[in-house]
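S.K.: One structure, pasted below without further comment.
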Amino acid sequence: MLKLLHAADLHLSSGPEKEYGLEVLREIISLANQKQADFVLFCGDLFDSFKDLKSGKLLDAVKEEAQRLHNNGRILYIPGNHESLGMGEQDKFSNFNFGRIELMADPSSEFGGRVLELPAADIVCVPHAQDYSGYRKWPLPPKRAGTARVLMMHGTSSAVYRGPDPEEGGAGVIPDSLFEWLGTDYAALGHVHSARESRIGGTLAVYCGSARVWRRREEGPRKAVYFEIKDGEIAGKEDLLLQSAGQYRAFTLPLDPDAGVPPAAMRGLLEKLSSPERDYVVVSLSGLVEDANALSATERALEDVLRAKSPRKLEILSGEVENYGGAASNELAKQFLARLDAVKPPAGSPETELWFAARRQGLAALTDRELE
């Protein structure tokens, strides 16, 4: 039996979130030890950029964390699209010493990767590329009878993830037919930050999602995926939640016309933020206020209160607050905003821009103001 742990998109950075990223990496290694995983598969964007990869202190810290893996375990790594950001023509991944992390890339190979042949399975490792259309020419050994084939790739598969999310661009598109052509049983995918999976013919194609909260709207628990191979079949698949990653937590806080926060709304927010130490917290203010200076004062006071809760990252957004002076007492304007909020499109929707335009035009009409 072969035991594997699939993780991706950790986006380790040498910047302010360095220690946070390393804590998540430490938990991934710890989970691999608990499961006695034979392999940890890092499917791209282990580093946030080539600059971060070149940071000697960060790479040394990553190598130190990798040393925590039990002696019989191995770590396989393919670069993603982010590792190539800022990469020069003379730069090579093979110039770096990754310690126990095995860089599964071979520049002499036509498809830029390697195949690891094991008694129970083949692991086909394909570093990120902008174009995967030539996969039928890759010099791969035939799939062996009675064994499984695991594929490590970094890119966008429309058969698994359909969006929309404009921030998921920038990576090569994986042809739907590639999985069957390669005889893949489990496709360990990276690049898409929300967890998704789909059965494509005989392939279980899995995006485990980003291992940490890297940006806004990455909602839900972060995870790695553990699975086993028994008698040439995928078995024992299990989601392992990463507690150290925290979660993205978004809230909307209504404001009164004087830019004050209703006490009940404030109590509700604080109750939901009982222990946000590892969370990325975004609070969006909304409403119709009469005084821009009062709004600024409210933002500062709110930040002081929420900082005391010690979230890992905090953002207070006021883009949805309308400042129309005395119009805040306009009952029609308030009813208009309430009804419009009830049909607000979800984040990232192509309808969002139209929704904001309708909001501005409606308020301008109701308050006899000219649009800027």
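The values are calculated or read from the model by the stated rules, or taken from the named source; none is laboratory data. Note that the structure is a prediction, hence the values are computed from the model and not measured. Cβ sites come from the backbone with ideal geometry, for glycine too, and all protein chains shown count toward neighbours.
S.K.: For region 341-351, name all the residues that are of a type in the set (A, V, I, L, M) and at pLDDT 80 or above.
M.R.: Ala342, Val343, listed by residue number.
S.K.: Suppose we filter region 4-49 for residues that are aliphatic (A, V, I, L, M) and assigned to a helix (DSSP H, G or I); how many remain?
M.R.: Here the count works out to 7.
S.K.: Within region 193-208, is even one residue surrounded by fewer than 21 Cβ atoms within 10 Å (Cβ to Cβ), of a type in the set (A, V, I, L, M, F, W, C) and closer than 23 Å to Arg144 by Cα?
M.R.: yes
S.K.: Regarding Ala235, is this residue hydrophobic (A, V, I, L, M, F, W, C), in the same structural domain as Glu83 (by TED's automatic domain parsing), within 25 Å of the chain's Cα centre (by Cα) and over 30 Å from Arg300 (Cβ atoms)? Working first, answer last.
M.R.: Values: hydrophobic (A, V, I, L, M, F, W, C): yes; in the same structural domain as Glu83 (by TED's automatic domain parsing): yes; within 25 Å of the chain's Cα centre (by Cα): no; over 30 Å from Arg300 (Cβ atoms): yes.
No: the conditions fail for Ala235.
S.K.: Among the residues of region 269-284, are any at pLDDT below 95, of a type in the set (D, E, K, R) and in contact with a Ser or Thr (Cβ under 7 Å, 6 or more places away or on another chain)?
M.R.: Yes, region 269-284 contains at least one residue that is at pLDDT below 95, of a type in the set (D, E, K, R) and in contact with a Ser or Thr (Cβ under 7 Å, 6 or more places away or on another chain).
S.K.: Any residue in region 270-299 that's at positive phi: show its pairings with residues that are assigned to a helix (DSSP H, G or I) and basic (Lys, Arg) at Cβ separation under 9 Å, as long as the two are six or more apart or on different chains.
M.R.: As it stands, the answer is Gly287/Lys334, since those pairs meet every condition given.
S.K.: Another question, if that's okay. Being under 19 Å from Met104 (Cβ atoms) and of a type outside the set (Phe, Trp, Tyr): is that true of Gly170 here?
M.R.: No: the conditions fail for Gly170.
S.K.: Please determine, by comparing only the residues of region 21-49 that are out of contact with any helix residue (DSSP H, G or I) (no Cβ under 8 Å at 6 or more places or on another chain) and within 26 Å of Lys313 (Cβ to Cβ), which one is surrounded by the fewest Cβ atoms within 10 Å (Cβ to Cβ).
M.R.: Ser30
S.K.: Quick one: is Ala187 more than 25 Å from Phe111 (Cα to Cα), of a type outside the set (Phe, Trp, Tyr) and surrounded by 15 or more Cβ atoms within 10 Å (Cβ to Cβ)? Show your work before the answer.
M.R.: Values: more than 25 Å from Phe111 (Cα to Cα): no; of a type outside the set (Phe, Trp, Tyr): yes; surrounded by 15 or more Cβ atoms within 10 Å (Cβ to Cβ): yes.
For Ala187, the condition - more than 25 Å from Phe111 (Cα to Cα), of a type outside the set (Phe, Trp, Tyr) and surrounded by 15 or more Cβ atoms within 10 Å (Cβ to Cβ) - is not met.
S.K.: Under the condition of being more than 17 Å from Ala235 (Cα to Cα) and assigned to a strand (DSSP E or B), which residue from region 172-199 is nearest to the chain's Cα centre (by Cα)?
M.R.: Result: Gly190.
S.K.: For region 336-360, which positions are surrounded by 13 or more Cβ atoms within 10 Å (Cβ to Cβ), in contact (Cβ under 8 Å) with a residue 12 or more places away in the chain and within 20 Å of Glu218 (Cβ to Cβ)?
M.R.: Residue satisfying the conditions is Gly348 alone.
S.K.: Hey, Val225 hits all of (1) surrounded by 15 or more Cβ atoms within 10 Å (Cβ to Cβ); (2) touching a Pro at 6+ places or on another chain (Cβ under 7 Å) but one; which does it fall short on?
M.R.: Going through the list (1) surrounded by 15 or more Cβ atoms within 10 Å (Cβ to Cβ); (2) touching a Pro at 6+ places or on another chain (Cβ under 7 Å), Val225 breaks only (2).
Yes or no, residue by residue, for (1) at negative phi; (2) touching a Cys at 6+ places or on another chain (Cβ under 8 Å):
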position	(1), (2)
Leu140	yes, no
Thr147	yes, no
Gly172	yes, no
Val192	yes, no
Ala195	yes, yes
Thr203	yes, no
Arg217	no, no
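S.K.: Here is a further query. If you check Arg339, Arg312, Arg360, which single one turns out to be outside the structural domain of Val24 (by TED's automatic domain parsing), basic (Lys, Arg) and within 30 Å of Glu17 (Cα to Cα)?
M.R.: Arg312
S.K.: If we only count strands (runs of 3 or more DSSP E) wholly inside region 50-129, which ones have 1 or more residues that are buried (at least 21 other Cβ atoms within 10 Å of the Cβ) and free of Cβ contacts under 8 Å to residues at least 60 places away in the same chain?
M.R.: 74-78, 101-103, 121-125
Rundown of residues vs (1) more than 20 Å from Lys3 (Cα to Cα); (2) touching a Ser or Thr at 6+ places or on another chain (Cβ under 6 Å); (3) not aromatic (Phe, Trp, Tyr), yes/no style:
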| site | (1), (2), (3) |
| --- | --- |
| Pro119 | no, no, yes |
| Ser157 | yes, no, yes |
| Ile174 | yes, yes, yes |
| Ser194 | yes, no, yes |
| Tyr207 | no, no, no |
